[in-house]
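Participant: Got a structure for you, written out below as structure tokens; questions coming shortly.
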Amino acid sequence: MQAVPSEFLDIDRKARANKPFFDLDLRPAEERTCDFEDVVIEFDAERAMVEAARCIHCPDPAPCMVACPTHNDIPSAMWLIEQGRFAEAANLYHQTSSLPEICGRVCPHESLCQGSCVLNKHHTPVLCGELEVFAVDYKRRHEGHLLPVGTPTGKKVAIIGAGPAGLGCADQLVQRGHEVTIFESKPAPGGLLVYGIPNFKLSKSVWQEKWEEFERAGVKFVPNTYIGKDKSIDDLFEEGFDAVFIGVGSEIDAKMEDTPGTDLPGVFEATDFLIRSNVKHAQLPPNKQKPLEMGKRVVVIGGGDTASDCLRTALRLGAEEVTCLYRRTEKEMPGGKKDRKMAREEGAKYRFLTQPVKFIAGEDGHLAAVECLEMKLGEPDAKGRRKPVPVEGSNFSIACDTAILALGYWPDPILGKTTPGLEVKDWGLIAVKDKKTGVTSREGVFSGGDCVTGPDLVVTAMVGGRKAAWAIDEYLRSKK
């Protein structure tokens, strides 16, 4: 429901657009690299109201709403925050998002809502991401938030994966009265939110408070259970579940195939590095409990958000020299500009048009250097990005004792291999008949998130889970 009163349509948009802009307050780089605490200094009430008052309230549909994958009613939330009605603004976010306190922190707002703000043309955009965080945090601290629970239907749904897609699905299913059990291969719920995103971007305490909302709503959690190995989807149906949702993400680290030396001590996959450096020992899977040993000279290979997370984590762990190696130019980097800016402020360096081709051991057998080739950009590839081409005879070496491979992610093919009748594609992605419903080739099985689309954003995975939940609800109510 639109919260902005009709008379507000006569506002002086020009005056609002010309209000002074104050950027996010960040802790000083030299301070924040000494710990894993939040980097952004949160708004107080006055700061939030002043920033929200910069919104010019575009006619419907506002570009920020269209660009937001959840289609949050951002203009109405801005109006409520401006008036000091913070809890009401939070309620608006909760209506359309299952994880507003998470998305407000980790979404690449500069390419979504803020990037679509019309103030970008001649001014600076409204900081709607930080305002979302402020409103939702305010309500949680002052009133708490309860996940609404619908009238019990007697139907049981198994969700595989406790990450953003599974949580979005669970949120919508319990509101419709269905009993939900989440199966997770790791010891703790959260998926990427716990095991992939560093604490300085998303505090574990924020996530823990969010998970408690799911527990209070009756969502059951079964840890350390790898569906496809410990039990199958067929087993879940035999145990009495009426439907299954697959939301396992795409979490298998991409490899540097045919590159010598990737098995050397000192060479890490990004997931292994981030998990062991950011997660409490009690929440670590058994194969991740060995203490992390990192050197002083670190290279990170890759150009996405995960690469930025690894760069900034290495600096916090005491690395003296941290360099990102990327085979294209910065223009082609897929990761967010905001994270790269903060990484540079914290001391990370970037070396572009550089392709590692060999990892070299020292006398002790440990990584000592990485051999690279200079690259140049050729013709565009199938995705329209200019293809990097090696410069013949340009080999050179970079001394390092730690290398982190942040090359992207592949899907886990195990569910396709262990589930009769479940169609998969592209190295194990779950094939769905319609992304709006998540219906798969197997009756009663639905899917959404990165295991369908490939690696994407937290918010798009969560939206995929929500949409599948609506289809699951319809399926269960029509099932005889």
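Participant: Kindly provide the set of residues from region 52-102 that are crowded, with 23+ Cβ neighbours inside 10 Å, of a type in the set (V, I, T) and under 16 Å from L127 (Cβ atoms), ordered by number.
Facilitator: I74, I81, listed by residue number.
Participant: Every residue in region 428-438 that is free of Cβ contacts under 8 Å to residues at least 40 places away in the same chain and either of a type in the set (S, T, N, Q) or buried (at least 19 other Cβ atoms within 10 Å of the Cβ) (or both), please.
Facilitator: Hits for region 428-438 are V432, T437.
Participant: Separate question: Out of region 266-293, which residues are assigned to a loop (DSSP other than H, G, I, E, B) and surrounded by fewer than 18 Cβ atoms within 10 Å (Cβ to Cβ)?
Facilitator: K280, L284, P285, Q289, K290, P291, L292, E293, listed by residue number.
Participant: If F43 satisfies every condition in (1) over 30 Å from L317 (Cα atoms); (2) crowded, with 16+ Cβ neighbours inside 10 Å; (3) aromatic (F, W, Y) but one, which is the exception?
Facilitator: For F43, the exception is condition (1).
Participant: A follow-up question, please. I'd like the full set of residues that are touching a helix residue (DSSP H, G or I) at 6+ places or on another chain (Cβ under 6 Å), more than 14 Å from G449 (Cβ to Cβ) and buried (at least 18 other Cβ atoms within 10 Å of the Cβ), limited to region 149-174.
Facilitator: Within region 149-174, K155, V157, A158, L173 meet the criteria.
Participant: Surrounded by 15 or more Cβ atoms within 10 Å (Cβ to Cβ), assigned to a loop (DSSP other than H, G, I, E, B) and touching a residue at least 40 places away in the same chain (Cβ under 8 Å): is that true of G335 in this structure?
Facilitator: It is false that G335 is surrounded by 15 or more Cβ atoms within 10 Å (Cβ to Cβ), assigned to a loop (DSSP other than H, G, I, E, B) and touching a residue at least 40 places away in the same chain (Cβ under 8 Å).
Participant: Where residues in region 294-304 are out of contact with any helix residue (DSSP H, G or I) (no Cβ under 6 Å at 6 or more places or on another chain) and within 23 Å of T329 (Cβ to Cβ), which of them is surrounded by the fewest Cβ atoms within 10 Å (Cβ to Cβ)? Please lay out each step first, then the result.
Facilitator: First, pick out the residues of region 294-304 that are out of contact with any helix residue (DSSP H, G or I) (no Cβ under 6 Å at 6 or more places or on another chain): 294-297, 299, 301-304.
Now restrict to residues that are within 23 Å of T329 (Cβ to Cβ): 299, 301-304.
Numbers: V299: 30, I301: 25, G302: 24, G303: 25, G304: 20.
It comes out as G304.
Participant: Report, by residue number, each residue of region 55-78 that is in contact with a Phe, Trp or Tyr (Cβ under 7 Å, 6 or more places away or on another chain) and either within 16 Å of S97 (Cβ to Cβ) or touching a residue at least 60 places away in the same chain (Cβ under 8 Å) (or both).
Facilitator: Listed by number, the residues that qualify are N72, A77.
Participant: Restricting to region 362-411, count the residues that are touching a residue at least 60 places away in the same chain (Cβ under 8 Å) and surrounded by fewer than 16 Cβ atoms within 10 Å (Cβ to Cβ).
Facilitator: 3
Participant: Here's a check for you: in region 439-480, which residue that is free of Cβ contacts under 8 Å to residues at least 40 places away in the same chain and more than 22 Å from the chain's Cα centre (by Cα) is farthest from V106 (Cα to Cα)?
Facilitator: K480
Participant: Could I ask something else about it? Identify, please: which residue in region 232-250 is in contact (Cβ under 8 Å) with a residue 60 or more places away in the chain and part of a helix (DSSP H, G or I) and is, among those, nearest to D426 (Cα to Cα)?
Facilitator: Per the criteria, the residue is I233.
Participant: If you don't mind, another one. So which helices (runs of 4 or more DSSP H) are wholly in region 387-480 and hold at least 1 residues that are more than 26 Å from I252 (Cβ to Cβ)?
Facilitator: So the answer is 458-478.
Quick note: the coordinates plus some simple rules give every number you see, no bench work behind them. Because the structure is predicted, anything quoted here is derived from the model rather than measured. Heads up, the Cβs are rebuilt from the backbone with ideal geometry, glycines too, and the neighbour counts pull from every protein chain shown.
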